[in-house]
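Each remark here refers to the structure printed beneath this line.
Derivation of every value follows stated rules applied to the coordinates shown; laboratory data play no part. No experiment lies behind these values; they were computed from the predicted model shown. Methodologically, a virtual Cβ is constructed for each residue, glycine included, from the backbone with ideal geometry; neighbour enumeration extends over all protein chains shown.
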Amino acid sequence: MMIRKATRDDLQQIVDVHLAAFEGFFLTMLGKPFLRKMYQAFSSEQYGVMQVAIDDEQRIVGFAAGTLAPDLYFPALRKKMWFAFLIAAIPGIIKHPIKVLRKLYYAMFYKGDKPATLQQTALLSSIAVLPTMAGKSVGKALLADFEQQIVLAGVNCLYLTTDKHGNDAVVGFYTKAGYQIESEFTQPDGRQMLRLTKSF
């Protein structure tokens, strides 16, 4: 297995990995066009970081996505691509109008939920691994590589957010890798979240 920077040609496989790894999640409800736009941005826009794990048959089996500067990345992305994201979200709006429109309204103001106590910090938005590759340390390798990417970019702290409840395996994965729970917060929809950080 190897890990490399994602390219535009990888987007379809990246979306397929997301759909397999995050069945039933909100972003999955938005559909393939929206996911493709989102991961395209992580792979090509300024401050975006998008790495993929490739198996011996050159298939993408996992990815890590995030940004070196969430407070700059997300506002710039909204300004540049808001209409493209809205169009891409139409299938999701048709299927789940109330839920999707509420989330899209929240997304208009999203800046990455960065810890107020930290100034220069990168965000790990997502790690996904094909369920068939579970237990093969793909996620661990992607996390280590993502950390290396932000250190090489001159950023000395990384944070992520994840669900507080019913999520022990994920929280355990990150705490075992050296992350600490920095704070808790509640999203506008009532979803309780943990914010974890790690300094380098």
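Data table
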| item | result |
| --- | --- |
| Loop-exposed GluC sites (Glu not before Pro) per DSSP, neighbour cap 12 Cβ within 10 angstrom, longest uninterrupted part of the chain | 58-200 |
| Beta bridge orientation in the chain: antiparallel %, DSSP, nearest 5 | 95 |
| Chymotrypsin sites (Phe, Trp or Tyr not before Pro) lying in DSSP loop within region 1-104, provided at most 13 other Cβ fall within 10 Å | Phe25 |
| Exposure proxy order (Cβ contacts within 10 Å, fewest to most) of Lys136, Lys5 | Lys5, Lys136 |
| Along principal axes, Cα extents of the chain, largest first, whole Å | 43, 39, 34 |
| Given charges at beta-carbon only (K, R positive; D, E negative), |dipole| of the chain in Debye | 580 |
| Which of Pro97, Leu143, Ser125, positive extreme of dipole for region 2-199 (C-beta unit charges) | Pro97 |
| Net length gained if the chain between Ala84 and Gln58 were fully extended (0.36 nm per residue, minus Cα distance) | 6.3 nm |
| Listed pairs Lys32/Lys79; Lys5/Lys140; Lys79/Lys164; Lys32/Lys198; Lys80/Lys198 exceeding 20 Å between Cα atoms | Lys32/Lys79; Lys79/Lys164; Lys32/Lys198; Lys80/Lys198 |
| Where labels lie 7 Å past Cα in the beta-carbon direction, separation of Phe173 and Met193 in nm | 1.8 |
| Mean Cα-pair separation over length for the chain, i.e. relative contact order, pairs under 8 Å, 6 or more apart, % | 20 |
